[in-house]
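Below is one structure, written out as C-alpha cells, with a few remarks after it.
Every number here is computed from the coordinates shown, using simple stated rules; none is lab data. These numbers were taken from a predicted model, which means no experiment stands behind them. Using ideal geometry, Cβ is built from the backbone for each residue, glycine included, and neighbour counts are taken over all protein chains shown.
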Amino acid sequence: MTDKPHGLATRLSHAGRAGAKVHGFVNPALHRGSTVLYENMAQRSAHMRRRFDQALTYGTQGSATHHALENVIAEIEGGTRCQIFSTGLAACTTPLLGCLSAGEHLLMPDSVYGPVRTFCDTMLKRLGVTTTYYRADCTAGELAPLFRPETRVLYLESPGSHSFEVQDVRALAACAHRLGCVVLMDNTWGIHAFQPFLHGVDVSIQALTKYAGGHSDVLLGSATTNAEAHWRTLRDAALVLGQYASPDDCWLTLRGLRTMAVRLERQMQSGLEVAAWFAAQPEVAQVLHPALPGAPGHELWRRDFTGACSLFGVVFKPGVTVAGTHRFVDALRLFGIGASWGGYESLALPTTGFVTRTASQLGGAMVRFHIGLEDVDDLVADLRQAVRLLTEATPE
C-alpha cells in the first residue's frame, strides 16, 4: 500500500527544505556568489561535466538557493526539471529561442501576453522565424490547417491573461505532437490548479513574480520540463544567453511559496464573489472569469482545472466608453492601477491595447481586475461608489 500523495499546501510547506529532522533554521540559507572553489581539479572536472544537473560550477549556473526554488516549482508543476529566470518575460522568450531556428514557424495565440507578442514581431522576425497568430479559443480542427512543414512550436496561454480564453490544451497539444511540434505553455493563471504535463505540454512557464512571490516585490520566472530532451534544449538556451536570477529574489520567492496555497484559496473565493457582483450590475455585458458559471470557457475550466486564481475581466455594455472606465478606475480607493497581478493587493486596469481582440469584438470597453486579500465587503463597497462614473457624461 502506497502513501496518499500530499496536498499542495503540505508540499509547499515542506518542499525545498532540509526537513524537520535536520537541526537548523526552518528556511534554507541564502547563498550569494559568483566564483565557486574546488578542493582539487578532479572535483572541478566532475562538476563541469554536470552542466544539466544542479552542480555548483559558477554563479550563473545557480546556487543552492536557486536549486531549492527550482525543486519546489518542478514539484508544483508536476515536472522533473526547472530553470529559474530573472523575469517572467525571460521565461517566455528563452524557450522560444531554444526551440526555434531561422526559417522555422511558430503558432502563437492571438491573446498572448503583450511583450511576448512584441518579441515575436521584432527579435524572432529579425532572426528569420515566422509567427502566425491563431484565435485562442479555436478547436484542434480549426488549428490544424495553420501548421506548416516548418512549424516547430505551438505556444499556449490558458486562460489568456487579458481576454481569458480557456484553451483545450489536451486537444491542441495532441494535434501539435502528431506533427512533431513542441508545446510551450504560460501556466501562470493556473499555477496551483492546472497540471500541464498531464495535458501534453512540454515546457510549462510561470511568471513567479505573481502568486509565487505574492508580495509585489520580486521579478522572477521559471520554465519546467518533464522530458530530458526538452530539458537539455531549455538549459542550453539559458546558459548560452547568460540567464540568471538574483538569489535574493529566489529566496524571497521560496518564502512566498510557503503561504501561496492559503493566499490563492482566499483570493479565489474573493475573486468569485466580486465577479458575481459584477455579473449582476446593469452596466456589465459579461464577466470573463472562467470559474464563473456561464462565463466563456467555463466548461473547459470545470474539466481541466482544480481551482482558479483571482484575475478576471469585466466587459461593459456599449454605452460605457473607455473614458468612462478610466473615470471609474480613478475613483476606486482600494484598487491600485497596475499592470501586474498575483500580489496581496487588489488592482484594476482598463485594457484593450495588449491584444488584437478589439473592444468591439469583446462587446465593449473592458477592465481587468485582480482581487487581493482585502475584505470582500470593503472591495464591493468601493466598486459600488465608483460604478456610477461609468456612464457619467464627460464634462465639456
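Could you compute the net charge surrounding R81? Neighbours are other residues with a C-beta less than 14 Å from the C-beta of R81; K and R count +1, D and E count -1.
Details: positive: R50, R51, R232, R235; negative: D53, E70, E75, E77, D202, E228, D236.
Here the charged neighbours net out to -3.
Whole angstrom only: what separates the Cα centroid of segment 315-339 from the Cα centroid of segment 216-256?
Their Cα centres are 35 Å away from one another.
Hey, what did the chain get for relative contact order, percent, Cα under 8 Å, at least 6 apart?
On the way: 784 pairs, mean separation 66.6, N = 396.
So the answer I get is 17 percent.
Using label points projected 7 Å from each Cα along Cα→Cβ, tell me how many nm separate H6 and R148, to one decimal.
It is 4.8 nm.
Does segment 260-390 come out rounded, prolate or oblate by the C-alpha gyration tensor, with a ≥ b ≥ c the root eigenvalues, rounded set by a/c under 1.5 and, if not, prolate when a/b is larger than b/c and oblate if not?
Numbers: a/c = 1.62, a/b = 1.17, b/c = 1.39.
Oblate, because a/c is 1.5 or more while a/b does not exceed b/c.
For the pair N27 and E39, how long in nm is the line joining their label points, each one 7 Å along Cα→Cβ?
3.2 nm
Count charges around F147 for me, please; just the other residues with Cβ under 14 Å from its Cβ, Lys/Arg as +1, Asp/Glu as -1.
0
Please figure out what share of the DSSP beta bridges in the chain is antiparallel and state it in percent, rounded to the nearest 5.
Working: 22 of 39 bridges.
The answer is about 55 percent antiparallel.
Would you work out which of F316, F305, A276 lies farthest towards the positive end of the dipole of segment 260-390? Charges go on Cβ: Lys and Arg +1, Asp and Glu -1.
Looking along the dipole axis, the top candidate is F316.
Only bridges whose two residues both fall in segment 260-390 count here: according to DSSP, what percent of them are antiparallel, nearest 5?
Values: 13 of 14 bridges.
About 95 percent, rounded to the nearest 5.
Give, rounded to the nearest 20 debye, the magnitude of the charge dipole that the chain has about its Cα centre when Lys and Arg contribute +1 at Cβ and Asp and Glu contribute -1 at Cβ. It would help to have the intermediate numbers written out before the result.
Numbers: 34 positive and 36 negative charges, 200 e Å.
In total the dipole reaches around 960 debye.
For segment 22-114, which trypsin sites (Lys or Arg not before Pro) are in a loop by DSSP, counting at most 13 other Cβ atoms within 10 Å?
On the way: sites: R32, R44, R49, R50, R51, R81; in loops: R32, R49, R50, R51.
Filter output for segment 22-114: R32, R49, R50, R51.
How about segment 232-288: which trypsin sites (Lys or Arg not before Pro) there lie in a loop by DSSP and see at most 14 other Cβ atoms within 10 Å?
Values: sites: R232, R235, R255, R258, R263, R266; in loops: R258.
Of the trypsin sites (Lys or Arg not before Pro), not one in the loops of segment 232-288 has a Cβ with at most 14 other Cβ atoms within 10 Å.
In segment 196-226, whose amide N lies under 12 Å from the spot 7 Å out along Cα-to-Cβ of L241? List them in ranges.
Backbone N within reach: 221-223.
Any idea how far the Cα center of segment 29-62 sits from the one of segment 186-212, in Å?
29 Å
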